[in-house]
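The values are calculated or read from the model by the stated rules, or taken from the named source; none is laboratory data. Values in this document were obtained by computation on a predicted structure and should not be read as measured data. Neighbour counts are summed over all protein chains in view; Cβ atoms, including those assigned to glycine, are modelled from backbone coordinates with ideal geometry. Areas reflect the complete protein model, heavy atoms only, side chains present, ligands, DNA and RNA absent. Shrake-Rupley method; radii C 1.70, N 1.55, O 1.52, S 1.80 Å.
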Amino acid sequence: MAGTTPRHTDAEGVDGGVGLTALLVAASRAVETHRHDSLAQDPYAEHFVRAAPACAHWPVRIEEVPDGDDNPLWGRFARYFGLRTRVLDDFVLQSAGAGARQVVLLGAGLDTRAFRLDLPSDCVVYEIDRASVLAFKEQVLTGLSAAPEVKRVPVPVDLREDWADALTAVGFDPAAPSVWLAEGLLFYLPGPAETHLVDTVDRLTAAGSALAFEAKLEKDFLAYRDSPIYTATHRLIGIDLLHLFDKGPRPDSAGALTAKGWSTSMHTPFEFTREHGRGPLPEPNDALEGNRWVFARKLAP
Ligand SMILES: C[S@@+](CC[C@H](N)C(=O)[O-])C[C@H]1O[C@@H](n2cnc3c(N)ncnc32)[C@H](O)[C@@H]1O
């Protein structure tokens, strides 16, 4: 990880490889936004989808999907992303309410929380992702004349590199409380990069800071290769998630944070489905079975 010369190229752009997953989440948020019982509202999401040639044929409303909610991708999986968005919106707002004025989005993709959340006006949102993804995002938002509600700082850097300096160089203050999200990110990173990320978050955070991340606990992703979510995502939009996930051993990041003095709790998404009265529920051969949302808070030493 250390070293000043980037070792990873950014050749794929937003509409190839893992960048395309950011568009998948944006399309899902667009579908969620237009639902009569939406869990989260993101008016920008459909504009990203419409701006990228790779997803010109993707739906942005459930009514555009012939089998509607029975569609494993645009029904159940998109609703999963809608629920995740809502739960992490609540986490950010709650952490800001408790005093965090710096929000760091790791693998920010097409996240528009700086534009759509009612954050305290002195908040700063740092968006870390690869340069090509952030450039596409900028182009679409500029085209919409969108103005963030709070200060927003894009940080183009690869999270497999040594990214801490890039963040502090643009004003992030490790001595002040912060809230961090790694939403739909860690399973794309090699295990050592995840360990480095958690160590770096710990190093850059003051007491009172918070981190939420998504993990997948299954030992073998391929055991779910025939699950409706994976097969529909591959067949309908050509994204082979199993190909994109890192297949190496995963670190126990929740355990590592606990050992560093954070308080952590781990939840299934289904708990939030029950809390909100909508969202995905367990099903057989379920690619979501191992998904966990982890909420960590850094305690005073
Ligand atoms: C599934 S998307 C999630 C985006 C966003 N967090 C959301 O939930 O809408 C994964 C994002 O992680 C980013 N990502 C994956 N590997 C990365 C890396 N090594 N460095 C920086 N960003 C990375 C991708 O470019 C993509 O935008």
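Computed with a 1.4 Å probe over protein heavy atoms only, the accessible area of His34 comes to about 50 Å². The apolar share of the surface of the chain, taken as the fraction of accessible area on carbon and sulfur atoms (1.4 Å probe, ligands and nucleic acids excluded), comes to 53 percent.
With the simple spin-label model, which puts each label point 7 Å out from Cα in the Cβ direction, the Asp118 to Ala98 separation comes to 2.1 nm.
Annotation for the stretch 179-196 versus the stretch 76-115: alpha-carbon center distance of 15 Å. Comparing Ser253, Ser28, Ser265 in a Gaussian network model of the chain, where Cα atoms under 10 Å apart are tied by springs, the biggest mean-square fluctuation is seen for Ser265.
For the chain, the longest principal axis of the Cα atoms and the long axis of helix 228-237 meet at an angle of about 80 degrees.
Only aspartates and glutamates eight or more places from Lys260 in sequence, or on another chain, were considered; those with a Cα closer than 12 Å are Asp199, Asp202. Nearest 500 deg cm²/dmol is fine: what mean residue ellipticity at 222 nm does the chain get from its DSSP H runs of n ≥ 4 alone, each adding -39,500 (n - 2.57), divided by its residue count? When only DSSP H runs of four or more count, the value is -10500 deg cm²/dmol. With both residues required to sit in the chain, DSSP beta bridges show an antiparallel share near 40%. Each of Ala166 and Arg203 was given a label point 7 Å from its Cα along the Cα-to-Cβ line. The distance between the two points is 1.5 nm. Close amide H partners of Trp180, meaning residues 5 or more places away or on another chain with modelled amide H under 5 Å apart, are Val104, Ala210, Leu211, Ala212.
Taking each residue as 0.36 nm, the span from Thr231 to Asp70 lengthens on full extension beyond its C-alpha to C-alpha distance by 56.6 nm. Label-to-label distance, Glu218 versus Ala131, with points set 7 angstrom from Cα along the beta-carbon direction: 3.6 nm. Global size of the stretch 143-301: 17.6, 50 Å for Rg and Dmax (C-alpha atoms, Rg to one decimal, Dmax whole).
Take the Cα of Glu275, step 7 Å along the line toward its Cβ, and report every residue of the stretch 74-112 whose backbone nitrogen sits under 17 Å from that point. Under cut-off, by backbone N: 80-98.
Once Rg and the Kirkwood radius are both taken over the C-alpha atoms of the chain, their ratio Rg/Rh works out to 0.93. Here's the list of lysines a cross-link from Lys137 could span, going by alpha-carbon distance under 19 Å and ignoring same-chain residues fewer than 8 apart: Lys151. Full extension of the chain between Lys247 and Ser263 gives 3.0 nm of extra length, using 0.36 nm per residue less the Cα-Cα distance. Over the chain, accessible surface divided per residue gives 41 Å², non-protein components excluded, 1.4 Å probe. Helix 19-33 axis versus longest C-alpha principal axis of the chain: approximately 70°, rounded to the nearest ten.
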